[in-house]
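Written out below as structure tokens is the structure these notes cover.
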Amino acid sequence: MTPILELRGITKRFPGVLANDSIDLTLEKGEIHALLGENGAGKTTLMNILYGLYDPDEGEVFIQGEKAKIESPTDAIEQGIGMVHQHFMLIPVFTVTENVMLGEEAVKAGGILDRALAAGDIRTISEKYHLEVPPEAYIKDLPVGVQQRVEIIKLLYRKADILIFDEPTAVLTPQEADELFKIMRSLTEQGKSIIFITHKLREVLDVADRITVIRRGKVIGTTTPQDANQAKLAEMMVGREVDLELERSELKAGDPVLTVNDLVVADDRNQIAVDGVSFEVRAGEVLGIAGVQGNGQTELVETVTGLRHPMEGDIRILGSDVTHAAPRQITESGVAHVPEDRQRDGLILSFPVVDNLALQTYYMPPNAKGVVLQEEQMMQTAEKMIEDFDIRTPGPMTSVGSLSGGNQQKVIVAREFSRPIKLLVASQPTRGLDVGSIEYIHNRILEKRDNGCAVLLVSPELDEVMQLSDRIAVMYRGKILAILDSAEARKEQVGLLMAGITSEVQSG
Amino acid sequence: MTEEKKSNEKNAGQILLEELEPNTGQKARGFKGFWLSIRIPILAVFSGLVLSAILIILTSEDVYAGFGAGLGPGFRAVWNVVVDSYGALFAGSLGSPAQIVSALQSGDGLAIRRAFNPFLESLVASTPYIFAGLAVALGFRSGLFNIGVEGQLFLGAIFSAFVGYSITGVPAIIHIPLALLAGALGGAIWGFIPGWLKAKTGGHEVINTIMMNYIAFRLSEWLLTGPMKRPDSYNPISPTISENAMLYRFFQDPIRFHAGFFIALAVAWAAYWFLFKTKWGFNFRSVGANPNAARYAGMNITTTTVLAMALSGALAGLAGANEVLGVNHNLALAFSSGYGFDSIALALLGNSHPLGVVLASLLFGTLRNGATKMMVVTGIPIDIISVLQAVILMFIAAPAIIRTIYRLRKPKDEEEDSTLQSFGG
């Protein structure tokens, strides 16, 4: 059977980088084909070529055996290719119908929009593919999982046969992700073909029919879930053996380092983001806060690190009240912070590595004598940190913006971990990182824990929270619904809590 | 929408401002690094000169007359016009080589001085640019767009003139620093106000500094027709400052070269030391490059903003003080030929680095000085310099144009960064 889609010898060069190196890929009709690779491996570039956003330097695309010319997303859509992007392209103040119609409006005579006709078509698609959406609802009122369904309907409305999903589960709870996989299977049963881009090993084994691994722009191999396991896939992605099992040594918890009482915090729009939260983190333990992003975790972390002031409640670090302390005060009392947006908050991209490594300590000895910066001293310290933390950079004077995501994160980790710290606040510490970097960062966090540091970990990646934490707190709509011992917590239970479904509702 | 990333929301204005921000990434050390950072400014100036030449050709009667007579006479006219204009520019700004050589050969002191006067006058013209350019550069490095240099410069002139003429009987070694400090103070106050407004209310400094300019102009008009007016004159001009407040002139009239030039160089060095060698400068630059990260690193954005605007204003104030104490020896209306506004283009040309500012100031001062002679000799209006500056500014604000025309590649792409690949691969 001719594959519905074939990419032959696709090569794409950017200045200084060979993003795609003679890539061959086939997609059979009705299959879910996963494209697995680290960040920077070239998967998104490849899909952007398929979707008409880039022109390949070499290579050809064949659809149903015929050579295809795709010079823009319009061409791609006309030929039946559709893409659900990681960041949705929906207009929050329009309804579902209006968003789906946009660009392909159904009109009555005289150019008047025919919303009813479109809504009817949407309902037909909904029923056929089990994609329940309320056509009259406004996007901004819908949960993320439903918004994603609207994105899928947009493609089906335009008669796409080949659907590309780019990191679709990045914004979903575990339950929503399972729903999505059911939808994907139902779509393929109805004859659609799916390419599924991801870097998450477990998902790939759950849902894919075939898996192609890309590394540094080249196809390393194609395999099936039957023939591969997580370890093998990780090895293909990274090029060496990766230890996926984290060994967490026995918990030796000491006194509480961080105590938060009845904290109430407002966000930038003066809405209550943190609604009466209390918890403590003891020395030598990891408290992980699980929850989908947007439930108050960001504001909570900002308040603990002094970047935001609470409306009510108090925060104590080692007994001292730091509720309204300045960020520098808190840092100087032995707190390290790995921020969730490393490029916006953690680094100055245009500055060299050495300056970024000294960002928290530039003003005090030995980096400064009086008013004058001690550049030689800063360079020496930087070189040591680069070695200790294995930061891959041409040198300390390279601007940090040209490092890869993993190495940028290592700069932050090196900076924060090289101080004597009693509390580590790590917010999404492995966001956007490849398997190798993730392994590294997780090990360093556990190392700190074993050395008696208290760790507050915030992450929407449930696997990460469960692997690293001794206790797990689940945050939903600004409240902590439960704090569980990680030994006893089950993934399904936590997943339900993340969606706001407490045990009373579960059992009742 | 799922995630609201503050950093991703940018409007067209912010994208333009980003292009104007100093290029702080160090791509290479030593000579290669210097060439990379100077490459685009040099090409921008060159392109500016070419475009101005085209403008001169297109507006020259001789050229049209020449082409009327034929292709040959036409091209000869083009050549002559360009050579005459740029020749006059050169001679007016740096001196005529022939005159210099013959003066040196004759050994006559007066002749030598006359031969070098154009060059010395260029230095005099450059001096206020250095101060004003430093003011803008300091602002840019701290993330602030100080469009109020002109107004701050006026306040500096007012304060220093007042100290200059109202205090008598004080030796120069005290009077001059006092008057300079007064000028810096005046500018600092005028910079502090919009800085404070930005820090406390978020009011953008571009708007507020422009408004403050107008207030400064009207204030000086009122002062010069009232409290600060010279008693025995109908003109809006202040009394002449005390001789002890005048900046030392190295030669006799009509050569105006004065100590202000060296003071400017010293201040430029101090600005360099402050920005790049002290922890305060690190603070300013961090806030300018990424205020979010600076906040996370514990820096106080409010304090930094206010201090940076005040310091920037102080530097601008010194520009005004320089003109009063070194050149005019009094304060009059329209003493400033738009230094404040030219300084913005200048700071951009110099990549907001003190060394670049000094070089760019020398260029601008030289051009302005030469344009006066060019106007006398060829009749080309002095506004051609404004055109030249505008073209340079345009090319700096859109380096992509220069890169496309001269087929340069962005420096980042010339390095094969193995680190662009992910770790562990």
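For B:Val136, the requirement of being surrounded by fewer than 24 Cβ atoms within 10 Å (Cβ to Cβ), assigned to a helix (DSSP H, G or I), among the β-branched types (Val, Ile, Thr) and under 17 Å from the mean Cα position of the chain (by Cα) is not met. Does any residue in segment A:87-108 that is more than 14 Å from every other protein chain (Cβ to nearest Cβ) and surrounded by 14 or more Cβ atoms within 10 Å (Cβ to Cβ) come within less than 6 Å, Cβ to Cβ, of a residue that is modelled with pLDDT of 80 or more and part of a loop (DSSP other than H, G, I, E, B) six or more places away or on a different chain, and which pairs are these? If the second residue must be modelled with pLDDT of 80 or more and part of a loop (DSSP other than H, G, I, E, B), the pairs left are A:Thr95/A:Glu136; A:Val96/A:Val133; A:Val96/A:Pro135; A:Val96/A:Ala137; A:Thr97/A:Pro135; A:Ala106/A:Asp114. A count restricted to segment A:246-259 and to residues that are touching a helix residue (DSSP H, G or I) at 6+ places or on another chain (Cβ under 9 Å) and either charged (D, E, K, R) or part of a helix (DSSP H, G or I) (or both) stands at 3. Taking segment A:431-449 as the range and being more than 14 Å from every other protein chain (Cβ to nearest Cβ) and in contact (Cβ under 8 Å) with a residue 40 or more places away in the chain as the test, the residues that pass are A:Ile445, A:Leu446, A:Arg449. Among residues belonging to segment A:329-343 that are over 15 Å from B:Pro291 (Cα atoms) and part of a helix (DSSP H, G or I), point out the one that is nearest to the other protein chains (Cβ to nearest Cβ). Only one residue tops the list, namely A:Thr331. Taken together, B:Ala297, B:Ala360, B:Ala316, B:Ala334 contain a single residue that is over 25 Å from B:Phe116 (Cβ atoms), in contact with a Gly (Cβ under 6 Å, 6 or more places away or on another chain) and among the hydrophobic types (A, V, I, L, M, F, W, C), which is B:Ala316.
Checking each residue of segment A:192-204 against the condition of being surrounded by fewer than 19 Cβ atoms within 10 Å (Cβ to Cβ), not in a helix (DSSP H, G or I) and not β-branched (Val, Ile, Thr) gives at least one match.
Is at least one residue of segment A:90-106 out of contact with any strand residue (DSSP E or B) (no Cβ under 6 Å at 6 or more places or on another chain), of a type in the set (Asp, Glu) and either farther than 25 Å from A:Gly52 by Cβ or outside any loop (DSSP other than H, G, I, E, B) (or both)? The answer is yes, given that some residue of segment A:90-106 is out of contact with any strand residue (DSSP E or B) (no Cβ under 6 Å at 6 or more places or on another chain), of a type in the set (Asp, Glu) and either farther than 25 Å from A:Gly52 by Cβ or outside any loop (DSSP other than H, G, I, E, B) (or both). Of the helices (runs of 4 or more DSSP H) that lie entirely inside segment B:1-84, those containing 1 or more residues that are modelled with pLDDT under 55 span B:12-20.
Can you tell me which residue is nearest to the other protein chains (Cβ to nearest Cβ) among those in segment A:37-86 that are part of a strand (DSSP E or B) and under 30 Å from A:Gly145 (Cβ atoms)? My answer is A:Val84. Criterion applied to B:Ile215, B:Ile193 was being without any contact (Cβ under 8 Å) to a residue 24 or more places away in the chain and farther than 16 Å from B:Ser238 by Cβ, and the one residue passing it is B:Ile193. Taken as a whole, the condition of being closer than 30 Å to B:His175 by Cβ and either in contact with a helix residue (DSSP H, G or I) (Cβ under 6 Å, 6 or more places away or on another chain) or not in a loop (DSSP other than H, G, I, E, B) (or both) applies to B:Ala319.
Looking at A:Glu28, A:Glu58, A:Glu6, which is the one that is out of contact with any Leu (no Cβ under 6 Å at 6 or more places or on another chain), farther than 20 Å from A:Gly191 by Cα and acidic (Asp, Glu)? After ruling out the rest, the residue left standing is A:Glu58. Scanning segment A:9-25 for residues that are away from chain B (no Cβ under 14 Å), surrounded by 16 or more Cβ atoms within 10 Å (Cβ to Cβ) and more than 26 Å from A:Glu189 (Cα to Cα) yields A:Ile10, A:Thr11, A:Lys12, A:Ile23. How many residues does segment A:240-255 contain that are surrounded by 14 or more Cβ atoms within 10 Å (Cβ to Cβ) and within 14 Å of chain B (Cβ to nearest Cβ)? Within segment A:240-255, residues that are surrounded by 14 or more Cβ atoms within 10 Å (Cβ to Cβ) and within 14 Å of chain B (Cβ to nearest Cβ) number 2. Scanning segment A:404-430 for residues that are within 13 Å of another protein chain (Cβ to nearest Cβ), in contact with a strand residue (DSSP E or B) (Cβ under 9 Å, 6 or more places away or on another chain) and either in a loop (DSSP other than H, G, I, E, B) or among the aromatic types (Phe, Trp, Tyr) (or both) yields A:Arg419, A:Gln428, A:Thr430.
Being under 27 Å from the mean Cα position of the chain (by Cα) and more than 7 Å from every other protein chain (Cβ to nearest Cβ) is a property that A:Ile386 has. Across segment B:216-233, what is the total count of residues that are charged (D, E, K, R) and assigned to a helix (DSSP H, G or I)? Final tally of qualifying residues: 2.
Here's the yes/no breakdown for (1) aliphatic (A, V, I, L, M); (2) modelled with pLDDT of 90 or more:
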site	(1), (2)
A:Leu403	yes, no
A:Ser427	no, yes
A:Asn443	no, yes
A:Gly452	no, yes
A:Tyr476	no, yes
A:Leu484	yes, yes
A:Arg490	no, no
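Let's see how each residue does on (1) under 13 Å from A:Ile480 (Cβ atoms); (2) within 14 Å of chain B (Cβ to nearest Cβ):
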residue	(1), (2)
A:Val260	yes, no
A:Ala283	no, no
A:Gly294	no, yes
A:Thr305	no, yes
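Please determine whether any residue of segment B:261-280 is polar (S, T, N, Q) and within 14 Å of B:Gly139 (Cα to Cα). No: zero hits.
Looking only at segment A:118-140, decide whether some residue is in contact with a helix residue (DSSP H, G or I) (Cβ under 7 Å, 6 or more places away or on another chain) and over 26 Å from A:Glu176 (Cα atoms). Looking through segment A:118-140, at least one residue is in contact with a helix residue (DSSP H, G or I) (Cβ under 7 Å, 6 or more places away or on another chain) and over 26 Å from A:Glu176 (Cα atoms). Working only within segment A:344-379, note down all residues that are facing chain B (nearest Cβ under 9 Å), part of a helix (DSSP H, G or I) and surrounded by fewer than 19 Cβ atoms within 10 Å (Cβ to Cβ). If the condition is that a residue be facing chain B (nearest Cβ under 9 Å), part of a helix (DSSP H, G or I) and surrounded by fewer than 19 Cβ atoms within 10 Å (Cβ to Cβ), then A:Arg344, A:Glu375 are the ones that fit.
Within segment B:260-306, track down each residue that is away from chain A (no Cβ under 14 Å) and either in contact (Cβ under 8 Å) with a residue 12 or more places away in the chain or closer than 25 Å to A:Glu299 by Cβ (or both).
B:Gly260, B:Phe261, B:Ile263, B:Ala264, B:Leu265, B:Val267, B:Ala268, B:Trp269, B:Ala271, B:Thr305, B:Val306
The set of residues in segment A:380-389 being touching a Ser or Thr at 6+ places or on another chain (Cβ under 9 Å), surrounded by 13 or more Cβ atoms within 10 Å (Cβ to Cβ) and either within 11 Å of A:Val353 (Cβ to Cβ) or at pLDDT below 90 (or both) consists of A:Met385, A:Ile386, A:Phe389. Of all residues in segment A:450-463, one or more are crowded, with 23+ Cβ neighbours inside 10 Å, more than 14 Å from chain B (Cβ to nearest Cβ), small (Gly, Ala, Ser) and more than 23 Å from A:Arg216 (Cα to Cα). Screening B:Asp253 with (1) farther than 16 Å from B:Arg141 by Cβ; (2) in a loop (DSSP other than H, G, I, E, B); (3) within 14 Å of chain A (Cβ to nearest Cβ) gives one miss only, at (3).
The values are calculated or read from the model by the stated rules, or taken from the named source; none is laboratory data. This is a predicted model, so every value here is computed, not measured. Quick reminder, even Gly has a Cβ in these numbers, built from the backbone with ideal geometry, and neighbours come from all protein chains shown.
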